[in-house]
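Engineer: Below you'll find the structure I mean.
The values are calculated or read from the model by the stated rules, or taken from the named source; none is laboratory data. Just so it is clear, the structure is predicted and the values come from calculations on it, not from any experiment. Cβ: placed from backbone, ideal geometry, glycine included. Neighbour counts: every protein chain shown.
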Amino acid sequence: MFPLADINRPSRPPVVVKLLVGLNALAFVLELLLPTEAVIRAFGFVPRAFWADPVGEAYTILTSMFLHGGVAHILGNMWFLWVFGDNVEDRMGPGRFLLFYLAGGAVAAVAQALVTPLSPVPMIGASGAVSAVLGAYYVLFPRAQIVTLVWFVLPFTFLLPAGFYLGYWAFLQLIEGLLGVPGIAFWAHLGGFLWGVFLARRFVPRWPRWRRW
């Protein structure tokens, strides 16, 4: 199941979501222009290196969020951010949303490092931070309808409640993490998602940005 759109429109344009998509796209272009492997080794998040020198490697928690391993990787992450991020940003406000996003990505990286502390493999991608956005959407808009694409012989679309769709997505991350499916940081996904579920409401302003007359 792949999300095409949500029908819950935000009240204002998603400034930070657009900024993040642009920065990720720019970083990906630089990856292509520079020696990709060297960039990933220099700026990817490596659990073993992080635990050996947490202070010296802390910068990679941030830089790794803007690197991707291929076209499908960045398109998938940015699409999920685009579909779910606009409403979360609208509810939190741009500044709070940016802080929430970056903190969620950091929590996701550390979650993966806790589960695989000896891994020498660089971890890259916005998936952890985007997972935090998904967790926030899960608690802030559980009844919003998601236009979902499914392919059985022929493609077709239908509406699913966000709570069901994102709950199913999180369940898949847990199962695949427990099965040890290689190549994907499932525990980072879950760490980011749980950050969003439990902390999203703390980033929502206490008072609304509008008044009723």
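Engineer: Considering only residues that are surrounded by 12 or more Cβ atoms within 10 Å (Cβ to Cβ) and among the aromatic types (F, W, Y), which ones fall in the stretch 137-167?
Structural biologist: Y137, Y138, F141, F164, Y165
Engineer: Related question: Looking at the stretch 142-180, which of its residues are of a type in the set (G, A, S) and over 19 Å from N87 (Cβ atoms)?
Structural biologist: First pass over the stretch 142-180, keeping only residues of a type in the set (G, A, S): 144, 162-163, 167, 170, 177, 180.
Residues satisfying the conditions are G177, G180.
Engineer: Could you give me the residue pairs with C-beta distances under 9 Å whose first residue belongs to the stretch 63-82 and is surrounded by fewer than 15 Cβ atoms within 10 Å (Cβ to Cβ), whose second residue is not in a helix (DSSP H, G or I) wherever it lies, and which are 6+ apart or on separate chains?
Structural biologist: L75/H68
Engineer: Something else: Which one of N87, N8 is outside any helix (DSSP H, G or I) and not hydrophobic (A, V, I, L, M, F, W, C)?
Structural biologist: N8
Engineer: Checking V29 against (1) out of contact with any Gly (no Cβ under 8 Å at 6 or more places or on another chain); (2) not in a helix (DSSP H, G or I), which test does it fail?
Structural biologist: (2)
Engineer: To continue, here is another question. So, L134, is that one buried (at least 17 other Cβ atoms within 10 Å of the Cβ) and either in contact with a Leu (Cβ under 7 Å, 6 or more places away or on another chain) or farther than 30 Å from A113 by Cβ (or both) or not?
Structural biologist: Yes.
Engineer: When you look at V139, is it at pLDDT 95 or above, assigned to a helix (DSSP H, G or I), among the aliphatic types (A, V, I, L, M) and within 12 Å of the chain's Cα centre (by Cα), yes or no?
Structural biologist: Judged against the criteria, V139 is not a match.
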